[in-house]
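Single-structure report; data block below.
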Amino acid sequence: MQITVTTRDGEIHPVEARTGLSLMQNIRNAGVDELEAICGGSLSCATCHVYVDSLPPGAELTPRSADEADLLEACDDLAENSRLSCQLVFDPALDGMRVTIAPEY
């Protein structure tokens with residue numbers, strides 16, 4: 001299974017994804033260090049902010065929690081497709097999703 005990650009410089013990285021890990025963990029495990037994830041996925045920063053560019057047909061993301069929405073609202077570059085990658089657990093339905101790492105916070 002794979003995720004396609006676009007970094008801030010426009011470089012595209014195919015990332016092998018493991019089911020049950022967060023999107024953030026999958027991206028970090030692939031060595032894409034641009035995604036800082038300073039808090040390690042404990043939902044206390046927004047340094048794993050990504051834009052979800054596309055999902056496979058029929059796939060849906062879980063809605064933002066109130067805490068995730070609060071953190072995202074503090075970001076200068078909030079967009080409708082903004083998500084914290086630590087809050088998205090990868091499953092087979094998301095195979096082929098595409099994300100872009102948001103500008104630095």
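Structure data summary
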| quantity | calculated |
| --- | --- |
| Test set (1) on the phi > 0 side of the Ramachandran plot; (2) at pLDDT below 95; (3) out of contact with any helix residue (DSSP H, G or I) (no Cβ under 8 Å at 6 or more places or on another chain) - Gly41 fails condition number | (3) |
| Test: residue in segment 29-47 that is outside any loop (DSSP other than H, G, I, E, B) and buried (at least 16 other Cβ atoms within 10 Å of the Cβ) | no |
| Total residues in segment 28-69, condition farther than 13 Å from Ser85 by Cα and among the small types (Gly, Ala, Ser) | 6 |
| Pairs with Cβ under 6 Å, 6+ apart, first in segment 31-59 and touching a residue at least 40 places away in the same chain (Cβ under 8 Å) and closer than 14 Å to Thr100 by Cα, second among the aliphatic types (A, V, I, L, M) and open to solvent by 20 Å² or more (accessible area, probe 1.4 Å) | Thr47/Ile38; Tyr51/Ala79 |
| Failed criterion for Glu68 (all others in (1) more than 21 Å from Glu104 (Cβ to Cβ); (2) open to solvent by less than 70 Å² (accessible area, probe 1.4 Å); (3) assigned to a helix (DSSP H, G or I); (4) not hydrophobic (A, V, I, L, M, F, W, C) hold) | (1) |
| Qualifying positions in segment 71-90 - loosely packed, with under 13 Cβ neighbours inside 10 Å and either more than 15 Å from Asp53 (Cα to Cα) or among the hydrophobic types (A, V, I, L, M, F, W, C) (or both) | Glu73, Ala74, Asp76 |
| Within segment 5-28, considering residues that are of a type in the set (A, V, I, L, M) and in contact (Cβ under 8 Å) with a residue 40 or more places away in the chain, the one most open to solvent (accessible area, probe 1.4 Å) | Leu21 |
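The values are calculated or read from the model by the stated rules, or taken from the named source; none is laboratory data. Note that the structure is a prediction, hence the values are computed from the model and not measured. Backbone-built Cβ (ideal geometry, glycine too); neighbour counts: all protein chains shown. Please note that ligands, DNA and RNA were not included when accessible areas were found on the heavy atoms of the full protein model with its side chains. Shrake-Rupley method; radii C 1.70, N 1.55, O 1.52, S 1.80 Å.
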